[in-house]
Amino acid sequence: MPLADAGELMVNSMNLASDLQGLFAYHFMVNAFRAGTIVAIAAAVIGWFMVIRQETFVGHSLALVGFPGAAGAVLIGASATLGLFAFCVAAALAIGLLPRGGRGFGEESAVVGTVQALALACGFLFVSLYHGLLIGVNALLFGSFLGVTDEQVLTLLLFGVVALAVLSAVGRPLLFASLDGDVAAANGVPVRRLSLLFLVLLGVAAAEVSQITGTLLVFALLVVPPATAQQLTPHPLKSMALAVALGLAITWAGLAAAYYSPYPVGFFITSFAFAAYLVVRLARGSAWRIAARRWQRAAEPAA
């Protein structure tokens, strides 16, 4: 059944159960949900640390590096997925090993921007040198759930499991170093090595998310669910679990909406993520204002 016919099915059907079953009627959609689930979990957990460490610009740059990686791989006849992962990890190592000041990547944007500019220039060169069809460029930039193969799902699963396993092994010292690097270093925590390791994990996460949202919309899963969860609770484990739940809900809803419409999946995932963050911020702001008014009235002397 073509995707256009799927849109007609959504309009004509009044049976929600039947519509949901239709999502899994084709193998490419089953793979899309498998890949989306893997990506959402890995992005939420690694993205949670990224937001805490204030390294969102680094994550953005690593995501953009995935474009020239995939384009270069296609140019030489290799797998675009492996090229994307290779470039993201290589860029993470380059950023981590370049000399910088002691204030962290949040304030060292020049180093990150330099690597980003070089990578994008290489991407444009690879695209110009490639003389075949460039149909896949839009998918690389803006995401697509079409054509997700079994091999891609296995690749995402392998990288995701390894990344989360490594992160769980260094999670406690990494959190310590993320909250107060100077105190952590004074207590013997290898802050610089942990920072480099986390950049590699962040590169893996950015490459994974790019498979679903495209390189330009990676923040929809890598930043927004963790940032939304951290607005709701300061407790690390609860916040991380909530980020995973939000990421899964946003991804599944985005895939379902894209299946029953002619619009790209990246648009829906980004829109749903933004809506969730906006609702939480507005609700939190209203709660603070109500609490402030109550405190003010309680502090006023009785008439």
- Query: What do you reckon, is A169 surrounded by fewer than 24 Cβ atoms within 10 Å (Cβ to Cβ) and farther than 13 Å from R53 by Cα?
  - Reply: yes
- Any residue in the stretch 32-52 that is surrounded by fewer than 16 Cβ atoms within 10 Å (Cβ to Cβ) and either at pLDDT below 85 or more than 30 Å from S128 (Cα to Cα) (or both)? no
- Can you find even one residue in the stretch 199-213 that is small (G, A, S), surrounded by fewer than 21 Cβ atoms within 10 Å (Cβ to Cβ) and either within 19 Å of S79 (Cβ to Cβ) or free of Cβ contacts under 8 Å to residues at least 60 places away in the same chain (or both)? no
- Message: Can you confirm whether A92 is at pLDDT below 85, under 30 Å from W252 (Cβ atoms) and crowded, with 22+ Cβ neighbours inside 10 Å?
- Response: no
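So in the stretch 228-240, with the set limited to residues that are free of Cβ contacts under 8 Å to residues at least 12 places away in the same chain and assigned to a helix (DSSP H, G or I), which one is surrounded by the fewest Cβ atoms within 10 Å (Cβ to Cβ)? If you could, list the steps in order and put the result at the bottom.
First pass over the stretch 228-240, keeping only residues free of Cβ contacts under 8 Å to residues at least 12 places away in the same chain: 233-235, 237-238.
Filter once more, so that each one left must be assigned to a helix (DSSP H, G or I): 237-238.
Values: L237: 9, K238: 12.
Residue satisfying both the conditions and the ranking: L237.
The values are calculated or read from the model by the stated rules, or taken from the named source; none is laboratory data. These figures come from a predicted structure and were not determined experimentally. Note that each Cβ is placed from the backbone with ideal geometry, even for glycine, and that neighbours are counted across all protein chains shown.
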